[in-house]
Each structure stands twice: as structure tokens, then as C-alpha cells.
Amino acid sequence: MEQEEKGMTLIELVKSMLRRWYIIAISTILGILLGFVLAFYVVVPKYSSSAEVLVQAKDVNDNYTFLESQRAVETLVYLFTSDVVLDQVIVDLGAQGEGLTVAQLSSSLSLSYKSTSLFIRITYTDTNQDITKTIVNQVVVTAKRLADDGVTSPLLQNTFIIVKNGNEGKYASPNKPLYLVIGFLLGAIVGAGTVLIIEFSRTTYRTKEEIEKDLNLPVIGIIPEFNVEDE
């Protein structure tokens, strides 16, 4: 607060930044290096595979209608993530499902759809690239079998078809360029903050006005800065 009372201006702050540019530069480089290390060496990469189903529900007259299909979408979305389906998925996976829990499957499974569309996309994300395709396809196959067999509810029988099976897992995260950008920004901010702390912690006078204000005495002379050159 003392420095603010002495009237440090924006121009003086900018000059301080330029004078100590090396602090900001070093901090920025360190931030970028930290982001690089995190993105490429620390954060474990994840892969995802997606499958799609088309909802086609019938009305009371046994006719496929858009309205009935639309109504069935949200119910089917819940079905794919229900414990009934995921428990059976683990059983159906056999040896590949050893160690998996319903909670793990549920947290790695995501579904997306639009209210105006009858397509549901099911995506499974995991650090194991090979398992993503297997699991997402098993989730869809198991959900369809339980729905068509009437295990979950007779109302869900033959309400959707598989239109796209999951492919080999594709790289999903981390977003490496984003890590570098964040590292750059954080490094620059930390560097600028360090310069500000140095400036505001200085106890020396910057201008003659500050001396006159504190000592209540007039300044009668100023020794300018100069460089001594060897002959």
C-alpha cells in the first residue's frame, strides 16, 4: 500500500517489466517446459472408441413412429449405463473383465444424443487403447440382448438397432497444445507477478516528489545517471 500512496504509475510498471524482462522470459520458458513434461511424460494418455445405435420404437398399432422413438431415447440412454447392463457386460467380457467394476465402467462411459435425433452415441474412454473397442461394443451388444429379451422391460424390446460398431481406440487426451498454452500463460503471469512483488517491495525512492512528500523538505538538486567509460 505504501508504494501505491507514492503514486507508482502504469508507465513505471511497464518500465519495470521491460527492465526485468529476463525474469518474465525465464518464468515463461519454465512454464512451457512444465506443460511439455506434463503433456508428454506425466499425464497418462487416454483413448476412446464410439458406437452408435438408431432408436426405432413402435406405437400401439405396432407401427414405427418418430414420436414414440423420440420418447424412448432417454430411457435407452439410462439403460446403457444401468447396473443391470454393466454387471452383465463384466460377465460377458470374461477374462477381459477381470478387475473391472460397475463404477469404473460407468465413469468411463459417456453417451450423447440430440432431442431431434434418434441416434445415440456410446463412447468408452480408457488408458488401454485395445480395450476401448472391446468394451464399447460389448456394452451395446449386451444392452440390445437384454432389451430384446425383455429382461429389463417388455417396452424396450426391439427399440433400437446397432448402426455403427466401435473402432480401434483413438487418442482422446491430454490436449497437448492446450497444456503448452496454459504453461506459457502461467509462466508469463508468474514472471510478471514476480516483477511486481520486487517493485512493490522496494524501499528506495523513485522520484524527488516522493522524498519531498515523506521528509517535507524541498529537493534542491538531482544527480543524473551516467556511465563512466574507460579511456
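Given the conditions (1) assigned by TED's automatic domain parsing to the domain that holds GLU199; (2) among the β-branched types (Val, Ile, Thr); (3) in contact with a Lys or Arg (Cβ under 8 Å, 6 or more places away or on another chain), and given that THR65 satisfies all but one, which numbered condition is not satisfied? Of the numbered conditions (1) assigned by TED's automatic domain parsing to the domain that holds GLU199; (2) among the β-branched types (Val, Ile, Thr); (3) in contact with a Lys or Arg (Cβ under 8 Å, 6 or more places away or on another chain), the odd one out for THR65 is (1). Of the strands (runs of 3 or more DSSP E) that lie entirely inside the stretch 116-203, not one contains 3 or more residues that are exposed (fewer than 14 other Cβ atoms within 10 Å of the Cβ) and on the phi < 0 side of the Ramachandran plot. Of the set (1) more than 30 Å from ILE182 (Cβ to Cβ); (2) crowded, with 17+ Cβ neighbours inside 10 Å, all apply to LEU109 but (1).
The values are calculated or read from the model by the stated rules, or taken from the named source; none is laboratory data. Since the structure is predicted, the reported quantities are computational estimates derived from the model, not experimental observations. Backbone-built Cβ (ideal geometry, glycine too); neighbour counts: all protein chains shown.
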